[in-house]
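Below: the structure, in structure tokens.
The values are calculated or read from the model by the stated rules, or taken from the named source; none is laboratory data. Everything numeric here is computed off the predicted structure, so don't read it as measured data. Counting neighbours? That spans all protein chains shown, and the Cβs are built from the backbone with ideal geometry, glycine included. The accessibility values were calculated without ligands, DNA or RNA, using every heavy atom of the protein model including side chains. Shrake-Rupley method; radii C 1.70, N 1.55, O 1.52, S 1.80 Å.
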Amino acid sequence: MQGFFNLVMPIFMPSWQFFNEIAPSARIEFSCHTQEDMGVHQWQELQLRPEKLHFVDNIKRIFFNPDWNYALYIMNCAEKQIIKPSQHNENEIFTAIKNYLPAESKSKANFLKFRLVFVSKGERGLKRNVLFESQLEKINFYEY
């Protein structure tokens, strides 16, 4: 009985020590363009989570939440891209951006670019550091 209790107790009283250190998390910002040689970037933050959820949806998400898992996966790819850049991580981030773009952006844009921004507290307020910026990629949005 003691062994069963030791196995079940962490379910009801979990340890909340997930991380060795707390550091800034990556924010993915993207910019859509119609031409290859553009001047000013209009960066938008990628929002993988819905703005509003109905109460019933919140209850369902306790048990099954693939969208949240996907958002965590993309954030993990972004953090790995900073530590050890790879084409795989870059492609996954591009795919996430293409999947979550509004329809009006898809109809106008031919090129896509993203950057990874880390926001942290500085002496004079919030400090934004751009640690990675992708190359401009020609996109055919009709594939998605």
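Scanning the range 53-68 for residues that are open to solvent by 70 Å² or more (accessible area, probe 1.4 Å), hydrophobic (A, V, I, L, M, F, W, C) and outside any helix (DSSP H, G or I) yields a count of 1.
Screening Q81 against (1) open to solvent by 90 Å² or more (accessible area, probe 1.4 Å); (2) within 15 Å of E29 (Cβ to Cβ); (3) polar (S, T, N, Q) leaves a single unmet condition, (1).
All of A71, A78 fail the test of being over 12 Å from C32 (Cβ atoms), assigned to a helix (DSSP H, G or I) and in contact (Cβ under 8 Å) with a residue 24 or more places away in the chain, apart from A78. Scanning the range 1-42 for residues that are open to solvent by 100 Å² or more (accessible area, probe 1.4 Å), at pLDDT 70 or above and either of a type in the set (F, W, Y) or not in a loop (DSSP other than H, G, I, E, B) (or both) yields Q2, F4, F5, L7, I11, F12. Where residues in the range 92-118 are surrounded by fewer than 18 Cβ atoms within 10 Å (Cβ to Cβ) and in a loop (DSSP other than H, G, I, E, B), which of them is modelled with the highest pLDDT? If we take residues in the range 92-118 being surrounded by fewer than 18 Cβ atoms within 10 Å (Cβ to Cβ) and in a loop (DSSP other than H, G, I, E, B), then N110 is modelled with the highest pLDDT. So, of the residues in the range 119-144 that are of a type in the set (D, E) and modelled with pLDDT of 80 or more, which turns out to be most open to solvent (accessible area, probe 1.4 Å)? In this case the residue turns out to be E123.
Within the bounds of the range 81-91, is there any residue that is assigned to a loop (DSSP other than H, G, I, E, B), modelled with pLDDT under 85 and not β-branched (V, I, T)? The answer is no, given that none of the residues of the range 81-91 is assigned to a loop (DSSP other than H, G, I, E, B), modelled with pLDDT under 85 and not β-branched (V, I, T).
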